[in-house]
Structures are given as C-alpha cells and as structure tokens.
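Novice: Dropping a structure here in structure tokens format, bear with me for questions.
The values are calculated or read from the model by the stated rules, or taken from the named source; none is laboratory data. These numbers come from a predicted model, not from an experiment. FYI the Cβ positions are ideal-geometry reconstructions off the backbone, even for glycines, and counts take in every protein chain you see. SASA here: full protein model, heavy atoms, side chains in, ligands and nucleic acids out. Shrake-Rupley method; radii C 1.70, N 1.55, O 1.52, S 1.80 Å.
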Amino acid sequence: MYLGFVHLQAEGADCGPDGVGTGSSIPLERAFDRSANVMLAFEMNGKDIPRDHGFPLRFVIPGTVGARNIKWLKKLSLSHEESHSPTQRRDYKLFGPNVTDPKAIPWEGTPSVQYLPVTSAILQPATNTTVECGESISLSGYGYSGGGNGITRIDISIDGGKNWTQTNIYNENDPYTQRSFAWTLWNYEVIIPLKQ
C-alpha cells in the first residue's frame, strides 16, 4: 500500500541547542484515516495561527502524544521508517521497571509512543488535606485516553480497592461514536467513615 511507505514524516523549522531539527512521524494508515482528524492548521479560532502555536503551519494529530504535533512545519514526506528526530527516536518511549541503567536503554528496539494510555488524576482535595472521620469531602479530577477514545466511566475506591463505585463524569464524547479529544472531568462526594 502507498508503494511500501509506512510513515508520514513531519519536519519543523525549529532546532534544539544541538542544531538538530524537530521532527516526528505517524503511521501512514493513521494519516489517511478520516476519523483520526489529522490536519494541517493555519488558523486558530478564525485567525492566523499564532507564532507560539506554530505559525504559519502546524501539523496536528488529535489524540496523539503532543511531540508529534509539529510547529512551524516546513516539510512532509513519505518514508519507509520513522523520523530520525530525537523526539521520535529517543524521547516518548516507555520502558519496564527493570530498565534502570541509562547506558543500557534499548532505544532502537522500542517503539515510539503514538497514543497516550488511559490517564487520570485527582486534582482536589490538595495533597495533605486533613479530613475528620464522618466529614464529607468533594473529590474531583480528570480522565483522558489517547487516540480519540472517549472516557465512558471513572471508578473510584476509598478503601484500598475492596469496593468500587462510579464518579459523576462530564465528558464531551461524540454521542454516536464516543470519540473525544478532551479531558473528561469528574467529581465524587465522599463521607469519611467513622473509625470502627
């Protein structure tokens, strides 16, 4: 398919301190998938895209790791391999907990992260908040999933995982496809149990 090319490479006009330009690549299949909403952005909110956001042109791949969204785009190309940019080959890779020696990191044999895993965070209450037994406290946070996959449920446990319940969620999922490229906010009211 596509004469054997499997990646769409993007190159930006900016360079790091080492003089190496910023670049990235995505699987060609994703680039041509209409539901992935890959785009070249020249406007933002009806005006020219601001300089800080990549003027005059930015490569935007919703639901993908931010480093793949190249600012100040100057070149797109088809390739048999991933971009050689450090942000593609040396950053945004996940390793197991057994990889502890920086000199032995298997950079070349490890695929680059394209989609973010399901991620969530508790934003309220603040760390080290003290609550008395029997008091009510409001918990809130967000959930996110890469690739445009919407969050449909967020579960919470206040007893170390023995019991679970669902939070209230406020998502922007498409009602037909459940796709979303935004955080899903959630909240939950908890009454801290009295000591036994």
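Novice: On a C-alpha basis, how far is the centre of region 128-179 from the centre of region 58-88 in Å? Whole number, if you could?
Specialist: Value for the Cα centre distance between the two parts: 32 Å.
Novice: Now, a different point. In the full protein assembly as shown, how much of residue 115 is accessible to a 1.4 Å probe, in Å² to the nearest 10?
Specialist: 110 Å²
Novice: If you don't mind, another one. Counting pairs of Cα atoms in region 149-196, how many percent are more than 16 Å apart?
Specialist: Values: 565 of 1128 pairs.
When all Cα pairs of region 149-196 are counted, 50 percent exceed 16 Å.
Novice: Find the relative contact order for the chain and round it to a whole percent, using C-alpha pairs within less than 8 Å whose residues are 6+ positions apart.
Specialist: Here the relative contact order equals 17 percent.
Novice: With each label point set 7 Å from Cα along the Cα-Cβ vector, what nm distance links residue 177 and residue 119?
Specialist: 2.2 nm
Novice: Hey, another quick one. Mean shadow of the chain, computed from the convex hull of its alpha carbons, in nm²?
Specialist: 16.4 nm²
Novice: Where does the longest stretch of the chain lie that holds no GluC sites (Glu not before Pro) found in a DSSP loop with 14 or fewer other Cβ atoms within 10 Å?
Specialist: Within the chain, the longest run free of exposed GluC sites (Glu not before Pro) spans 1-80.
Novice: Once you charge only the Cβ atoms, +1 for Lys and Arg and -1 for Asp and Glu, what is the size of the charge dipole of region 27-125 about its Cα centre, to the nearest 20 debye?
Specialist: Using Cβ point charges on Lys, Arg, Asp and Glu, region 27-125 gives about 240 debye.
Novice: Which value, in debye to the nearest 20, describes the size of the charge dipole of the chain about its Cα centre when Lys and Arg Cβ atoms bear +1, Asp and Glu Cβ atoms bear -1, and nothing else is charged? Walk me through the numbers on the way to the answer.
Specialist: Details: 17 positive and 20 negative charges, 65 e Å.
Dipole magnitude for the chain comes out near 320 debye.
Novice: So how much accessible area does residue 90 have, in Å² to the nearest 10, using a 1.4 Å probe?
Specialist: 120 Å²
Novice: Hey, if we sort 119, 184, 87 by accessible area with the 1.4 Å probe, largest down, what's the order?
Specialist: Values: 119 55, 184 0, 87 35 Å².
Most to least solvent-accessible, the answer reads 119, 87, 184.
Novice: Right, something else. Can you give the accessible area of residue 49, probe radius 1.4 Å, in Å² rounded to 10?
Specialist: 10 Å²
Novice: Residue 132 versus residue 103, label points 7 Å from Cα toward the beta carbon: distance in nm?
Specialist: Simple spin-label model gives 5.8 nm for this pair.
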